[in-house]
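**Student:** Below are the structure tokens for one structure; questions will follow.
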Amino acid sequence: MSGGKGTGVLQSVERAMRVLDHIASAPGPVQAKHVARDLGLTLPTTYHLLTTLVTGGYLVHLADERAYALGHRVDDLARGLHRQIAAPPEVQRVASVVHREAQAASYYATLRDAEMIVAHVAECPAHPRIRILAVGFHEAPHATAFGKLMLATLPVDDREAVLEHTGVPAVTAGTVTDRGLLLRQLRQVRGTGLAVEVDEFQDGLSCMAAPVTDAAGRFVGAVAVSMPTTRLRSDRWSVERAVRLGAVRATRAVSLNTAARTGRLT
């Protein structure tokens, strides 16, 4: 197997991941010739990659349709991810308190390798989460409140690398897509210790987030809420109080959990 242009990436593995991603993003099963065409691969190479992924259980071959679809191992990976990112019980309890006090869907998002990923959601029928913000969500950091917190906290080079990778696409008509305006937003976030997005991620809904830090004061996550924009505007200060207090409680919970795991709890 050849390397990936001096980057340490195995080209065959990178191609297999591209195939898997491509089929995962398709609305239904995909034929090999379409995978080859869409990814610019030769048909023999495509069949080799597909066979490897089928053997591993990551894809299945649907003979009647002469096409490929996701296999059971993908679901196993998703469950494994959820286990690994699960918020500690103490943090989950904090999210439930914020949900009750703010009367809004509450989230705990954790920082993982320059990504903010939703690790826990507290919701109810009266105050449901934004549909797409399920456990495991990590996209559009420029358009989410907890994503803006991360971008505001990252060193400049790391932030630019993230934005170069994700871009700043318009998720809604209200999304801030101008880099200069986004940077001004991030300076404000750093100054206030609070991130707010209004109609940037979903029309008519807004989010607010406050940072969670570890015992050393390093940014490790965020407590956030989402609610109708009209409610955020009318109840801004009570919601902000609940979110800020929740972040303080979560910071304490994270520190205690880390101390307990490392045996430093006295």
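**Student:** Run the accessible area of the chain with a 1.4 Å probe and give the carbon-and-sulfur part as a rounded percent.
**Tutor:** 54 percent
**Student:** Solvent-accessible area per residue for the chain at a 1.4 Å probe radius, Å²?
**Tutor:** 54 Å²
**Student:** How long are the three semi-axes of the equivalent ellipsoid of segment 171-266, in whole Å, if each is the root of 5 times an eigenvalue of the C-alpha gyration tensor, listed from largest down?
**Tutor:** So the equivalent ellipsoid measures 30, 16, 11 Å along its semi-axes.
**Student:** For Cα pairs less than 8 Å apart in space and 6+ apart in sequence, what is the mean separation divided by the residue count of the chain, i.e. the relative contact order in percent?
**Tutor:** 14 percent
**Student:** Now for a separate question. Hey, what's the per residue convex hull volume over the C-alpha atoms of segment 67-160, in cubic angstrom?
**Tutor:** So the per-residue hull volume is 148 Å³.
**Student:** Now for a separate question. If I take all pairs of Cα atoms in segment 111-179, what percentage of them are more than 14 Å from each other?
**Tutor:** The calculated P(r) of segment 111-179 puts 61 percent of pairs beyond 14 Å.
**Student:** Considering only protein heavy atoms, what is the solvent-accessible area of H48 at a probe of 1.4 Å, reported in Å² to the nearest 10?
**Tutor:** Near enough 120 Å² of accessible area.
**Student:** A further question on this structure: May I ask for the Kirkwood hydrodynamic radius of the chain, worked out over all distinct Cα pairs and given in angstroms to one decimal?
**Tutor:** This gives a value of 20.4 Å.
**Student:** Hey, what does the equivalent ellipsoid look like for segment 54-106, semi-axes from the Cα gyration tensor as sqrt of 5 times each eigenvalue, largest first, whole Å?
**Tutor:** 40, 14, 4
**Student:** Count the DSSP beta bridges whose two residues both fall in the chain, then state the antiparallel fraction as a percent rounded to the nearest 5.
**Tutor:** Just about 100 percent of them are antiparallel.
The values are calculated or read from the model by the stated rules, or taken from the named source; none is laboratory data. Small disclaimer: the values here were computed from a predicted structure and weren't measured. Surface accessibility is based on the protein's heavy atoms, side chains included, excluding ligands, DNA and RNA. Shrake-Rupley method; radii C 1.70, N 1.55, O 1.52, S 1.80 Å.
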